Amino acid sequence: MGRSNLFAFVIAALLIGVSLSASPLHAYVFPEFQADYDAGYTSGYTIGYESGFLSGQELGTTQGAKAGHDDGYQVGWDESYQPAFEIGYTLSYPVGHADGWYEGALTGFDEGYDWYSRISSITISHGINVNSLWGWWGGGGGSGGGSTSNGSLNMIGLTDLDLFETDWATHFFDLGYEHGHDDGRVIGSDEGYELAYPVAYAAAYDTGYDVGVEEGADEGFLDGSEEGYDEGWNVGYDPGYDAGFWAGVDYYRYGDFATPAYTYVPVNFSFVANTAELLVPEPTGILLIGIALVGLLPRGRNRCLN
């Protein structure tokens, strides 16, 4: 290409670049160098695609595995927690109720004895008939206690070039290579990601589900056991206290007393009404719940009223 033609080419390129500076770069490769640009683009695309595909696969595998594990874990946890909670609650409530009743009876016995001793000393010192007072009292109970650059020169790749010394065929080949590499890397990354993500997700989901079922069962059982025991203790304490209180009064008055009879108040689940809405674990989940609960059965304290 002669210098006059080259100069005309450069001027034309600059004018087109200025007038169409908002348009994509690829549209403005001149016919004389289109083959060079295309060859560079194809070469760059192939290499960029391979590189992008591998990086996309890696990212898809990492993110798919994490998302699959997290989703599977949550589903497994949700399915196993509530059934295990109810099992723990049901088993621990009677233990807590008995412990609460006997502790209330022991406390009530001591306080009933002390109370009547004080009443007796007061009434005797004032000449009051204790038995008539006792009849009046009537045996009542106690109480317990979560590359876009501005400018047309950048647009056609002419920045920082010696316009008369540049190898234009090489220049446009390199330009095509750069664009092809960028495009190939983006497309390869997307396709590698989309291929790897669902495979990694599915594999990690099952593992996450199993872990979620196991941990949900453990946490549900322990939480239910604690809540059931506490609720049973609270329900049992007051009746035990009342029974022990009047036994203590009798012991002070007569030197003997009838051993209070333990009375059980059945469990009253606040969540029974919502049972129909509970998630039903998959068969594998049910098996894992059973395994998780082995060794977690509550052990109560044996108490007696001496």
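The values are calculated or read from the model by the stated rules, or taken from the named source; none is laboratory data. What you see is a predicted model; the values in this text were computed from it and never measured. For neighbour counting, all protein chains shown are included, and Cβ atoms are generated from backbone atoms with ideal geometry for every residue, glycine included.
Results, tabulated for the structure shown:
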{"quantity": "Test result for Ala84, surrounded by fewer than 23 Cβ atoms within 10 Å (Cβ to Cβ), modelled with pLDDT of 95 or more and small (Gly, Ala, Ser)", "calculated": "no"}
{"quantity": "Residue satisfying all of: in segment 144-196; modelled with pLDDT under 50 and among the polar types (S, T, N, Q); surrounded by the most Cβ atoms within 10 Å (Cβ to Cβ) among these", "calculated": "Ser152"}
{"quantity": "Residue under evaluation Asp70, criteria (1) within 28 Å of Asp218 (Cβ to Cβ); (2) surrounded by 17 or more Cβ atoms within 10 Å (Cβ to Cβ), criterion not met", "calculated": "(2)"}
{"quantity": "Qualifying positions in segment 83-103 - under 26 Å from the mean Cα position of the chain (by Cα) and among the aliphatic types (A, V, I, L, M)", "calculated": "Ala84, Ile87"}
{"quantity": "Verdict on Pro260 being in contact with a helix residue (DSSP H, G or I) (Cβ under 8 Å, 6 or more places away or on another chain) and modelled with pLDDT of 95 or more", "calculated": "no"}
{"quantity": "Qualifying residue in segment 132-143 (condition: over 30 Å from Ala261 (Cα atoms) and either at pLDDT 95 or above or in contact with a helix residue (DSSP H, G or I) (Cβ under 7 Å, 6 or more places away or on another chain) (or both))", "calculated": "no"}
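Conditions (1) in contact with a strand residue (DSSP E or B) (Cβ under 9 Å, 6 or more places away or on another chain); (2) over 30 Å from Tyr197 (Cα atoms); (3) at pLDDT below 90; (4) surrounded by fewer than 21 Cβ atoms within 10 Å (Cβ to Cβ), marked per residue:
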{"position": "Met1", "(1), (2), (3), (4)": "no, yes, yes, yes"}
{"position": "Ala35", "(1), (2), (3), (4)": "no, yes, no, yes"}
{"position": "Tyr41", "(1), (2), (3), (4)": "no, no, no, no"}
{"position": "Leu54", "(1), (2), (3), (4)": "no, no, no, yes"}
{"position": "Gly88", "(1), (2), (3), (4)": "no, yes, no, no"}
